[in-house]
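**Q** My questions will all concern the structure given below.
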Amino acid sequence: MSIGNKMFKGAIWSTVERLSVQLVSFALTIVLARLLTPKEYGTVGLLIVFISFSQVFIDSGFSKALIQKQNRTNEDISTVFYFNLIVALICYLALWICAPFISDFYSIPKLDNLLKILSISLFFNALFAIPNTLLSIEMNFKSITKVNFISTVISGLAAIYLAYENFGEWALVYQTLIKSVLMALLFWFSTKWKPLFIFSKDSFKNLFGFGSKLLVNSIMNNLVNNFASLFIAKIISAQQLGYYTRGTQNADTAFSTINSIIDNVLLPGLAPLQNQLELLIEGTKKIIKTAALLVVPLFFGLTIISKPLIILLLTDKWALAIPIMQLICLSRLITIISGININLLYVLGRSDLALKQQYFKIAIRIILLIFALRYGIVMIAIAELVSTVIHFFINTYYPGKMMTYGAKDQIRDIFPILISGLVMSIPGLWIVYFTSFSEIVKIILTISTCFITYYLMLRVLKIEEYKMLIKRVTSLLKK
């Protein structure tokens, strides 16, 4: 199977996996949001910041290092497995010790016990990291789909039951814990790999040479991504953090779906071309234009229907999350296209350059966020959008230098698609803000009108990637 067809097939299964999981997850979180309060959401959202930061250390960039390495051995894989477990234990102990201090800092007494229980999920996350990575290397997204779907449904239903029984924040904590346990069990049943009883210093040193750059990159990125959440809860309130978290989660449901598909397929798919620059450039152009073809209408559409969607699904009590969702949707659109450039540096084995860029991006983001904090959560979301625009030009610098495919060329390639998205938005905005239809009618009419307008624009502008995408999908369906 050619690289292009293999990547496309992998992308299809990865799409099925993410869509099935995210749609079910979205439906479950809607029910939970109606049962829980913004303050309860904000409290657990704050805890997730500490868990996600610990998770960065557990992986330490080794997953991508294993994918990037073409001659990986079982010694390499086993070494990473044991390293993950050791770091998970260290992170758990650190969070256990720090939990009372975190609780005192935010003046929320229940944070202590909540964090101690939630941190147990780190062990199970470490257990399934390697099986998940191996399935990704094989592009076996069918198995990954089953695991994620089953664990999401069961843990989500359990959380809804607990929320209905007035468990409050504990419903969300147990949801995370149950999902981690199920994923660990199911991933181990989905792969035949078994660890060797060996920890190779040579393997560790070799993989850490690549992974350490990713680790530092991920640490800084995670800190900045959660910088606003940490200080919204302290400076403003946990309730305002709840609105901000809910608004970003709505946008991130779509973002994580698309972004994980690209991450899952791009690195293992393009890694074999790392020494064939012309083919790599050609493949990158197609990926960026195809990604834009999908994400532009998706995020423009979500931005337009944010108001009726939140009012309909979450009720008026979540209305303050509407502008947050709109701004974050636009931000995530840029981040997806921008992030492809980072993956290119990983393909080329230049994680050091990705790290170098990160320093500049973090400085810009922190400055904007510090400025925005005093003006509330809407200004924080605006700062996020502005920073992602600047990040795009930073991320495209090295691809422009090494592959002669930088910001100017990428914007030129996706410009007709952006125009199609803007034209599509006009009738959608009119329906949402200048008609008196019910919320559900507005959503249906907006989606239908935007889809038709976007399709007509693609035909009028004769965008080749659209034809190529239809051809590949048709060919796959025939098989």
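**Q** Residues being loosely packed, with under 13 Cβ neighbours inside 10 Å, of a type in the set (D, E, K, R) and touching a residue at least 60 places away in the same chain (Cβ under 8 Å): count how many of those fall in the stretch 407-461.
**A** 0
**Q** Ok, one more. Where in the stretch 358-469 are there helices (runs of 4 or more DSSP H), lying wholly inside it, with at least 3 residues that are in the same structural domain as LEU327 (by TED's automatic domain parsing) and among the aliphatic types (A, V, I, L, M)?
**A** It comes to 377-395, 407-434, 439-461.
**Q** Checking the condition modelled with pLDDT of 85 or more, farther than 15 Å from TYR244 by Cα and assigned to a helix (DSSP H, G or I), which residue from PRO323, PRO297 passes?
**A** So the residue among PRO323, PRO297 that is modelled with pLDDT of 85 or more, farther than 15 Å from TYR244 by Cα and assigned to a helix (DSSP H, G or I) is PRO297.
**Q** Give me a count of the residues in the stretch 59-81 that are at pLDDT 75 or above and buried (at least 20 other Cβ atoms within 10 Å of the Cβ).
**A** Counting residues in the stretch 59-81 that are at pLDDT 75 or above and buried (at least 20 other Cβ atoms within 10 Å of the Cβ) gives 6.
**Q** Something else about it: Condition (residue is at pLDDT below 80 and under 19 Å from ASN250 (Cα atoms)) applied to the stretch 43-58: is it met by at least one residue?
**A** Checking the stretch 43-58: at least one residue is at pLDDT below 80 and under 19 Å from ASN250 (Cα atoms).
**Q** Inspect all residues belonging to the stretch 384-398 and state whether any of them is more than 23 Å from the chain's Cα centre (by Cα), crowded, with 17+ Cβ neighbours inside 10 Å and more than 24 Å from LYS289 (Cβ to Cβ).
**A** Checked against the condition, which is being more than 23 Å from the chain's Cα centre (by Cα), crowded, with 17+ Cβ neighbours inside 10 Å and more than 24 Å from LYS289 (Cβ to Cβ), the stretch 384-398 yields no hits at all.
**Q** Looking only at the stretch 334-364, which residues are among the basic types (Lys, Arg) and buried (at least 20 other Cβ atoms within 10 Å of the Cβ)?
**A** LYS361, the sole residue that qualifies.
**Q** Considering only the stretch 105-114, I want to know if a residue exists there that is farther than 18 Å from THR43 by Cα, aliphatic (A, V, I, L, M) and touching a residue at least 60 places away in the same chain (Cβ under 8 Å).
**A** For the stretch 105-114, residues farther than 18 Å from THR43 by Cα, aliphatic (A, V, I, L, M) and touching a residue at least 60 places away in the same chain (Cβ under 8 Å): absent.
**Q** In the list PHE128, PHE167, which residue meets the criterion of being over 18 Å from VAL44 (Cβ atoms) and touching a Phe, Trp or Tyr at 6+ places or on another chain (Cβ under 9 Å)?
**A** Among PHE128, PHE167, only PHE128 is over 18 Å from VAL44 (Cβ atoms) and touching a Phe, Trp or Tyr at 6+ places or on another chain (Cβ under 9 Å).
The rows are residues; the columns are (1) modelled with pLDDT under 70; (2) among the aromatic types (Phe, Trp, Tyr); (3) assigned by TED's automatic domain parsing to the domain that holds LEU348; (4) buried (at least 22 other Cβ atoms within 10 Å of the Cβ).
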{"position": "TYR243", "(1), (2), (3), (4)": "no, yes, yes, yes"}
{"position": "GLY247", "(1), (2), (3), (4)": "no, no, yes, yes"}
{"position": "PHE255", "(1), (2), (3), (4)": "no, yes, yes, yes"}
{"position": "ASN259", "(1), (2), (3), (4)": "no, no, yes, no"}
{"position": "GLN276", "(1), (2), (3), (4)": "yes, no, yes, no"}
{"position": "LYS286", "(1), (2), (3), (4)": "no, no, yes, no"}
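**Q** Taking only the stretch 333-364 into account, find how many residues are of a type in the set (A, V, I, L, M) and over 19 Å from VAL296 (Cβ atoms).
**A** So the answer is 11.
**Q** Then there's this: If we keep just the residues of the stretch 37-57 that are out of contact with any Asp or Glu (no Cβ under 8 Å at 6 or more places or on another chain) and of a type in the set (A, V, I, L, M), which is surrounded by the most Cβ atoms within 10 Å (Cβ to Cβ)?
**A** That would be LEU46.
The rows are residues; the columns are (1) crowded, with 19+ Cβ neighbours inside 10 Å; (2) on the phi > 0 side of the Ramachandran plot; (3) modelled with pLDDT of 90 or more.
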residue	(1), (2), (3)
LYS110	no, no, no
LEU122	yes, no, yes
LEU134	yes, no, no
THR145	yes, no, no
LEU157	no, no, yes
LYS194	no, no, no
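The values are calculated or read from the model by the stated rules, or taken from the named source; none is laboratory data. This structure is a prediction, so every number in the text was calculated from the model and none was measured. With ideal geometry, Cβ positions are generated from the backbone for all residues, glycine too; neighbour counts draw on all protein chains shown.
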